[in-house]
1. Given (1) under 30 Å from Glu119 (Cβ atoms); (2) assigned to a helix (DSSP H, G or I); (3) in contact with a strand residue (DSSP E or B) (Cβ under 9 Å, 6 or more places away or on another chain), identify the lone condition not met by Arg39.
2. Between a first residue in the stretch 123-143 that is in contact (Cβ under 8 Å) with a residue 24 or more places away in the chain and a second residue that is among the aromatic types (Phe, Trp, Tyr), which pairs have beta carbons less than 9 Å apart while being 6 or more apart in sequence or on different chains?
3. Would you pick out the residues in the stretch 48-86 that are open to solvent by 80 Å² or more (accessible area, probe 1.4 Å), among the small types (Gly, Ala, Ser) and in a helix (DSSP H, G or I)?
4. All but one of (1) open to solvent by 20 Å² or more (accessible area, probe 1.4 Å); (2) under 29 Å from Gly18 (Cα atoms); (3) in a loop (DSSP other than H, G, I, E, B); (4) in contact with a helix residue (DSSP H, G or I) (Cβ under 9 Å, 6 or more places away or on another chain) hold for Arg161; which doesn't?
5. Can you tell me which residues in the stretch 142-187 are in contact with a strand residue (DSSP E or B) (Cβ under 9 Å, 6 or more places away or on another chain) and hydrophobic (A, V, I, L, M, F, W, C)?
6. Surrounded by fewer than 20 Cβ atoms within 10 Å (Cβ to Cβ), out of contact with any Ser or Thr (no Cβ under 6 Å at 6 or more places or on another chain) and either hydrophobic (A, V, I, L, M, F, W, C) or at pLDDT below 95 (or both): which single residue out of Val178, Val112, Val141 fits that description?
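The values are calculated or read from the model by the stated rules, or taken from the named source; none is laboratory data. What you see is a predicted model, and the numbers here were worked out from it, not measured in a lab. Ideal geometry is used to build each Cβ from the backbone, glycine not excepted, and the neighbour counts take in all protein chains shown. The protein model used for the area step is the full one, side chains on, heavy atoms only, and it has no ligands, DNA or RNA in it. Shrake-Rupley method; radii C 1.70, N 1.55, O 1.52, S 1.80 Å.
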Amino acid sequence: MSDLLIGVDGTARCAWAGADAEYQRYHDEEWGTALRGDRRLFEKMSLEGFQAGLAWITILRKRPRFREVFLDFDPAEVAAFGSDDIERLMQDAGIVRNRAKIEAVIGNAALVTRMGEGELDALLWSFAPAEHTPPATFAEVPAVTPESTAMSKELRRRGFRFVGPTTMYALMQSSGMVDDHVAGCWRAAAS
């Protein structure tokens with residue numbers, strides 16, 4: 001597989017974006033762009049947890065429904081979900097119906113509500129590496145790093161679930177804590 005794909009618009013992108021318009025939009029506008037704020041990072045953490053074992057495009061396509069049923073990922077609202085809400089979510093084909101992941105989001109929301117304003121943002125960003133060399137090829141992109149392992153360990157220590165080191169590295173990539181756009185990608189050139 002080539003590391004780059006030239007779109008019909010002539011733009012060189014990381015090959016994982018493929019030809020799907022929504023995936024290309026996500027690559028061009030979101031992935032690798034600095035994301036700040038407790039609520040936005042809570043949403044990203046939740047969606048990355050749902051993605052575990054699945055393709056990101058699955059989550060991306062279901063994201064509007066996730067946002068709807070998880071009340072725009074407002075931690076206080078989600079933390080208040082009870083057993084009836086869990087059962088309702090388990091019946092919703094518009095999301096990933098995995099009880100453990102749904103319960104993890106609710107439990108994680110409760111943990112976020114006990115944090116001070118900006119604390120989740122500061123905690124997650126504290127693991128962003130001071131230096132990161134963007135990869136020349138896709139083969140150079142790691143699945144786990146010492147920073148994502150440390151982030152995972154600290155989140156687990158605090159009681160968070162579905163925050164393994166691989167999932168946390170995906171969070172770091174998608175929220176711009178690291179820039180893993182490969183050499184030749186227009187986003188790598190823009191960084």
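1. (3)
2. Short answer, once both residue conditions are applied: Phe138/Trp16; Pro142/Tyr169; Ala143/Tyr169.
3. Ser83
4. It is condition (2) that Arg161 fails.
5. Keep residues of the stretch 142-187 that are in contact with a strand residue (DSSP E or B) (Cβ under 9 Å, 6 or more places away or on another chain), which gives 180-187.
Residues satisfying the conditions are Val182, Ala183, Cys185, Trp186.
6. Working: Val178 fails: surrounded by fewer than 20 Cβ atoms within 10 Å (Cβ to Cβ); Val112 fails: surrounded by fewer than 20 Cβ atoms within 10 Å (Cβ to Cβ).
Only one candidate qualifies: Val141.
The rows are residues; the columns are (1) at pLDDT below 95; (2) among the charged types (D, E, K, R); (3) surrounded by fewer than 13 Cβ atoms within 10 Å (Cβ to Cβ).
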{"site": "His27", "(1), (2), (3)": "no, no, no"}
{"site": "Glu30", "(1), (2), (3)": "no, yes, no"}
{"site": "Ala34", "(1), (2), (3)": "no, no, yes"}
{"site": "Phe42", "(1), (2), (3)": "no, no, no"}
{"site": "Ile106", "(1), (2), (3)": "no, no, no"}
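Table: residues versus (1) assigned to a loop (DSSP other than H, G, I, E, B); (2) within 18 Å of the chain's Cα centre (by Cα).
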| site | (1), (2) |
| --- | --- |
| Val96 | yes, yes |
| Glu103 | no, yes |
| Ile106 | no, yes |
| Gly116 | yes, no |
| Ala128 | yes, yes |
| Pro134 | yes, no |
| Ser152 | no, yes |
| Arg156 | no, yes |
